[in-house]
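Trainee: Okay, handing you the structure first.
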Amino acid sequence: MESQEFVNENTVFTHQQDGTVDEFHRSYDDAIETVRNKLGETHPLVIDGDAIETEASFTVANPGNLDQRIGEFAAGEAEDVDHAVSVAEETFESWRTASVSERVKIFRRAAELMADQKYELAAVLTLEAGKNRTEAMADIDEGIDFLRFYARELDRHDGYTFDTGEPTPSQHCQNRLEPFGVFGVVGPFNFPFAIFTGMTVGAAITGNTVVTKPASTTPLIAHKVVDILSEAGLPDGVVNLVTGGGRAVGQPLVEHEDVDGIVFTGSREVGRSIQETFFEQAKAGPVIAELGGKNPVIVTENADLEKAVSGVRNGAFGFAGQKCSATSRVYVNEDIIETFTRELVSETEELQILPPEHEDAFVSPVIDENAVERYEKICEGAREDGTVLTGGDVVHSDELPEGRYVQPTVVTDIPHGHELAREEHFLPFVTIHPVSDLDEALTKANDSQYGLCAGLFSEDDAEVETWFDRIESGMCYVNRSQSATTGALVQAQPFGGWKSSGTTSKFAGGYWYLPQFMREQTRTVVGNVGRQ
Ligand code: NDP
């Protein structure tokens, strides 16, 4: 099989390998300072390369320091969506016919510009979304990887055009993929660079034109992406940015009759409503949606407990559990559950809750008031129906700026079917459940509408084989102490889910991602007319 080597950006890992972590922190501190000095500006919509002002606007604040204003952003409405879609439609013909090499060159250039600016981009994520420096840089690295990988794949497949030969004498055949037209892109807050960039570029590099809407909590980083694409030479009108609310912008975009396809990452509820809209309108194009998760981890009696504890802790509490891939329920063999839980609680209590830009910060603030309210509600439910072993409270500390900080929370004694153990919470909250053996653990792990990520801790070959064979999950990790269920590298670990965790089961950063943005055409010519 052809070698598929791909070099990931992997900034923090590279500094660790080179012994230059100090340099990473210095560059990061400088970037935070630079970005901080530019906060508070006003940002219009970007349609056809023009700055479009709107009557209404909304303010975004740093979730880790609510006194810090990130900026003032144009609040788009249905008429702005209409404008952006008509520009995208007008631009489609010229962009569709741009050569593969032209398109690839633009996105490769954009990747280099992003790599040059990666510290400032990561600093924006820290201040706007509350990501600690390692998580923020990983988000930026992944976005850069998406650009390079998708450019490589489009190039390698000649824009997905294949000469399919002469099935009978004088019939000359070609099979190819063609773009659909206008794609709507709707992004989440939790990977506001990587996922936003990956979806926007997936649609655009394949020859579609795009109207893109970031989450309302993270519009600044979306502006940075669109600015860089323009600087890299992307023609005006190919990617149009409309900021604003889910109902005010997202919904009219999804419902717009001239939008041919949607690429969405977010909650199952919104994803499903988008699918229904598309079904009702009998659209030709797809809804490519990456949705939620309720990611199980199994710890067998043959596990290395040290690895398991650190994997679960990091998987559950990185970015305050606000990851579709976050570890959220753990099935532990009853013979070792007491030791495992004791160690997990102890390591969880050592986690640092600090402003996200701090060098030692691990636990991030949560994104908005709604998340704080949801946290309070589930912790109250956990106290009523289970046992909260650690955490469970909103953090009020004189040592922290005013922000949305909550404690990482470990809970036991929640019945398997309880909604706390079934629903996605998207918060630093993990439930631990005893099981008698791997069979019971697998049955319970698979008893979920979701199938995004899953982890196993076992040093036993047969258990690993059984687990891989039976686990119903898109992303499957064994003995990963750096995180039981989160973290994926483009190309090596394409990311996506089974069951209700996605609509297409084709993964971002993988080989089958780009073809989803195109439709197939078979061309047959009899004789030599029209053949070069
Ligand atoms: P939401 O579904 O709340 O929002 C996602 C996007 O949809 C936002 O831009 C939002 O806008 C917009 N939106 C909201 N309502 C509508 C609507 N009626 N029509 C169209 N668009 C709408 O998700 P979050 O941003 O809170 O992200 C968290 C969710 O994303 C979790 O469920 C998580 O599991 C999932 N996710 C899945 C991933 C995967 O790869 N499977 C990866 C990352 C996240 P606004 O911000 O203005 O409300």
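The values are calculated or read from the model by the stated rules, or taken from the named source; none is laboratory data. Everything quoted here is computed from the prediction, not taken from an experiment. Cβ coordinates were reconstructed from backbone atoms using ideal geometry, including for glycine residues, and neighbour counts include every protein chain displayed. Heads up: the accessible areas ignore ligands, DNA and RNA and are worked out on the full protein's heavy atoms, side chains in. Shrake-Rupley method; radii C 1.70, N 1.55, O 1.52, S 1.80 Å.
Trainee: If you roll a 1.4 Å probe over the chain with all protein chains in place, what percent of the accessible area is carbon or sulfur?
Mentor: Carbon-and-sulfur percentage of accessible area, whole number: 45.
Trainee: Given the protein chains as shown and a 1.4 Å probe, how many square angstrom of Lys294 are accessible, to the nearest 10?
Mentor: About 10 Å², ignoring ligands and nucleic acids.
Trainee: Related question: With a cut-off of 8 Å between alpha carbons and a minimum separation of six or more residues, what is the relative contact order of segment 187-319 in percent?
Mentor: Taking the mean separation of contacting Cα pairs over the length of segment 187-319, I get 20 percent.
Trainee: Quick check for you: with a 1.4 Å probe and neighbouring chains kept, what is the accessible area per residue of the chain, in Å²?
Mentor: 41
Trainee: How would Trp95, Trp498, Trp512 line up by accessible area, probe 1.4 Å, largest first?
Mentor: Trp512, Trp498, Trp95
Trainee: Related question: Once phi is turned into θ = phi - 60°, what whole-Hz ³J(HN,Hα) does the Karplus curve with 6.51, -1.76 and 1.60 give for every residue of segment 121-135, x standing for Gly and Pro?
Mentor: Coupling constants for segment 121-135: 5, 5, 5, 4, 4, 4, 7, 8, 10, x, 7, 5, 5, 5, 5 Hz.
Trainee: Among Gly530, Ala151, Ile414, which residue has its Cα furthest toward the positive end of the charge dipole of the chain, with +1 on Lys/Arg Cβ and -1 on Asp/Glu Cβ?
Mentor: Gly530
Trainee: Now a separate question. Shape of segment 343-384 from its Cα gyration tensor (a ≥ b ≥ c, root eigenvalues): rounded if a/c is under 1.5, otherwise prolate when a/b > b/c, or oblate?
Mentor: Taking the square roots of the gyration eigenvalues as a ≥ b ≥ c, segment 343-384 is oblate.
Trainee: Related question: Specify which residue in the list Val35, Val238, Gly250 is farthest towards the positive end of the charge dipole of the chain, using unit charges on the beta carbon of Lys, Arg (+1) and Asp, Glu (-1), about the Cα centre.
Mentor: Checking the options against the dipole of the chain, the answer is Val238.
Trainee: If you don't mind, there's one more thing I want to ask. In the structure displayed, which of Lys131/Lys377; Lys118/Lys499; Lys118/Lys377; Lys323/Lys444; Lys131/Lys224; Lys105/Lys283 lie more than 27 Å apart, Cα to Cα?
Mentor: Over 27 Å Cα-Cα: Lys118/Lys499; Lys118/Lys377; Lys105/Lys283.
Trainee: For Gly181, list long-range residues whose amide hydrogen, built 1.01 Å from N in the peptide plane, is under 5 Å from its own amide hydrogen.
Mentor: Thr209
Trainee: Something else: Once phi is turned into θ = phi - 60°, what whole-Hz ³J(HN,Hα) does the Karplus curve with 6.51, -1.76 and 1.60 give for every residue of segment 434-445, x standing for Gly and Pro?
Mentor: Coupling constants for segment 434-445: x, 9, 8, 7, 5, 4, 4, 4, 5, 4, 6, 4 Hz.
Trainee: Same structure, new question: So if I take the centroid of the Cα atoms in segment 439-488 and the same for segment 108-148, what is the distance between those two points in Å?
Mentor: 29
Trainee: Give me the dipole magnitude in Debye, nearest 20, for segment 346-403 about the Cα centre, with unit charges on the beta carbon: positive for Lys and Arg, negative for Asp and Glu.
Mentor: Magnitude of the dipole: close to 260 debye.
Trainee: A further question on this structure: Compute the long axis of helix 461-470 from its Cα atoms, compare it with the longest principal axis of the Cα atoms of the chain, and write down the angle in degrees, 0 to 90, nearest 10.
Mentor: Once rounded, the angle reads 50 degrees.
Trainee: Here is a further query. May I ask for the angle, rounded to the nearest 10°, between helix 369-385 and the longest principal axis of the chain, with both axes built from Cα atoms and the value confined to 0 to 90°?
Mentor: Roughly 40 degrees between the two axes.
Trainee: Using θ = phi - 60° and the Karplus relation 6.51 cos²θ - 1.76 cosθ + 1.60, list the HN-Hα couplings for segment 300-310 in order, rounded to whole Hz, with x at every Gly or Pro.
Mentor: 8, 5, 9, 7, 7, 5, 4, 4, 5, 5, 6
Trainee: I've got another one for you. Among Ala382, Ala122, Ala282, flag the residue with its Cα farthest along the positive direction of the charge dipole of the chain, charges on Cβ as +1 for Lys/Arg and -1 for Asp/Glu.
Mentor: Of Ala382, Ala122, Ala282, it is Ala282.
Trainee: Under a Cβ-only charge scheme (Lys and Arg +1, Asp and Glu -1), can you give me the dipole magnitude of segment 67-215 about the Cα centre, in debye to the nearest 20?
Mentor: Here segment 67-215 has a charge dipole of around 460 debye.
Trainee: Another question, if that's okay. So for the pair Glu23, Glu231, with labels modelled 7 Å out along Cα→Cβ, what separation do we get in nm?
Mentor: Taking the simple label geometry, Glu23 and Glu231 are separated by 2.2 nm.
Trainee: List the residues whose amide H sits under 5 Å from the amide H of Ile52, counting only those 5 or more places along or on another chain, with H placed 1.01 Å from N in the peptide plane.
Mentor: For Ile52, whose amide H was placed from the backbone, the distant partners under 5 Å are Leu45, Val46, Ile47.
Trainee: Name the long-range amide H neighbours of Ile288: under 5 Å, sequence gap of 5 or more, or other chain; modelled H, no Pro or chain starts.
Mentor: Amide H neighbours of Ile288: Ile262, Val263, Phe264.
Trainee: A follow-up question, please. What is the dipole size for the chain, taken about its Cα centre, with +1 at each Lys and Arg Cβ and -1 at each Asp and Glu Cβ, in debye to the nearest 20?
Mentor: 1420
Trainee: Once each part is reduced to its C-alpha centroid, what is the distance from segment 203-219 to segment 278-328 in angstrom?
Mentor: Computed from Cα coordinates, the inter-centre distance equals 24 Å.
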